[in-house]
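The values are calculated or read from the model by the stated rules, or taken from the named source; none is laboratory data. Please read all numbers here as calculations on a predicted model, not as lab measurements. Using ideal geometry, Cβ is built from the backbone for each residue, glycine included, and neighbour counts are taken over all protein chains shown.
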Amino acid sequence: MAIARVLLLVGGVGGAKLAHGLAQILPPGALTAVVNTGDDFWHYGLRVCPDMDTVMYTLGGIVDPINGWGVRDDTTHTLDALRRYGEQPWFRLGDQDIATHLLRTQAIRRGESLTSITRRLSGALSIQQTILPMTDAEVATIVDTEEYGELAFQEYFVRHRWQPRVKAIRFAGAESAFVTAAVADAFKAADVIVIAPSNPWLSIAPILSVPGMRDLLLDRRVPSAALTPIIRGAAVKGPTAKIMGELGYEITPLAVAQFYHGLIDCFIYDSGDPPPQISDVRTVGMDALMRSEPDRVRLAGEILDWIGAIL
Ligand code: FO1
């Protein structure tokens, strides 16, 4: 069966690459990305939403290709000016990127939802896919570390370069968050749900922490597939493998599949790894590493072909 609508649960850089690959092969409007907002924070009075922006800039074709986040060829004059005042900015906000935070903050202060402002910003960037925050409420990922106790996510990730040892992770505010009508509608409309190869504990777990989100996945009438972010014992990027070790998991695709058990019917691991055996989940090996833009398109096509064939 041909897949018309894909719903992608996604975090930052790695997941955005898959979103980009899917966007190349699906018709306009057929992809909806439900994005982690647990990384969002207030910084110099601005609402910064790193994963939302990473997905938006990637789909908009303006992302910095080296970092995978921020705007390509952006300058940092604002940070230089802050330094002149004696500040030591530790979070690298580019000048063009700041324009996004200014408009978003202004809209939020006026009472507009993150869902609505994201629709306007992505429309202005001529993005034909739908980018939805996991919720319009503020949810903050908090990382409990051996060395510093609890750290706000970006303090852990950027300021401390994800070096502290992780003891636990919680999602502050999740209990009073809610699934938006836009997210609920996207689940109803989807022919397949894909969980991107993002960090399960830092990027996907916050999405699943929103009350009602797990039920949307559990009540699905369409297949749900997850991709491994772990390939041959290592994370493609970032702290996934390190965190798995620190939280007591084996650093294997199987441990990732088990984390999603009950929520997925299909699991994609890298063909260089042994096939994970897990009950009620069909597994398939693919070249899961996205080194280049053609790789993203190839992987997205293989995923849709495989799921389309078993539908
Ligand atoms: N990551 C860094 O490692 N250092 C930075 O200074 C940094 C700045 C930054 C600014 C805007 C943005 O949208 C993303 C930014 N990121 C930076 C990436 C971000 O911290 C992480 O990729 C995610 O939060 C984890 O998915």
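Scanning segment 57-70 for residues that are within 9 Å of the ligand (Cβ to nearest atom) and either surrounded by fewer than 16 Cβ atoms within 10 Å (Cβ to Cβ) or hydrophobic (A, V, I, L, M, F, W, C) (or both) returns 67, 69.
Within the option set 203, 198, being part of a helix (DSSP H, G or I), within 16 Å of the ligand (Cβ to nearest atom), under 17 Å from residue 15 (Cβ atoms) and not hydrophobic (A, V, I, L, M, F, W, C) holds for one residue only, 203. When only residues in segment 1-22 that are within 18 Å of residue 224 (Cα to Cα) and modelled with pLDDT under 95 count, which is surrounded by the most Cβ atoms within 10 Å (Cβ to Cβ)? Among them, the one singled out is 3. Within segment 200-212, being surrounded by fewer than 24 Cβ atoms within 10 Å (Cβ to Cβ) and either at pLDDT below 95 or within 23 Å of residue 230 (Cβ to Cβ) (or both) holds for 201, 205, 208, 209.
None of 181, 189 is free of Cβ contacts under 8 Å to residues at least 24 places away in the same chain, hydrophobic (A, V, I, L, M, F, W, C) and surrounded by fewer than 18 Cβ atoms within 10 Å (Cβ to Cβ) except 181. Of note, residue 281 satisfies the criterion of being more than 22 Å from the chain's Cα centre (by Cα) and of a type in the set (A, V, I, L, M, F, W, C).
Taking first residues from segment 29-49 that are under 16 Å from residue 90 (Cα atoms) and away from the ligand (no atom under 13 Å from the Cβ) and partners that are in a strand (DSSP E or B) and modelled with pLDDT of 95 or more, the Cβ contacts under 9 Å between residues at least 6 apart in sequence or on separate chains come to 42/48. State whether one or more residues within segment 134-156 are surrounded by fewer than 16 Cβ atoms within 10 Å (Cβ to Cβ) and within 13 Å of the ligand (Cβ to nearest atom). Taking every residue of segment 134-156 in turn, none turns out to be surrounded by fewer than 16 Cβ atoms within 10 Å (Cβ to Cβ) and within 13 Å of the ligand (Cβ to nearest atom).
You will find that of 75, 54, the residue that is within 14 Å of the ligand (Cβ to nearest atom), surrounded by fewer than 18 Cβ atoms within 10 Å (Cβ to Cβ) and modelled with pLDDT of 95 or more is 75 and no other.
When the residues of segment 78-109 are filtered to those that are exposed (fewer than 15 other Cβ atoms within 10 Å of the Cβ) and of a type in the set (Gly, Ala, Ser), the one that is farthest from the ligand (Cβ to nearest atom) is 86.
All of (1) away from the ligand (no atom under 16 Å from the Cβ); (2) more than 17 Å from the chain's Cα centre (by Cα); (3) farther than 30 Å from residue 113 by Cβ hold for residue 218 with one exception: (3).
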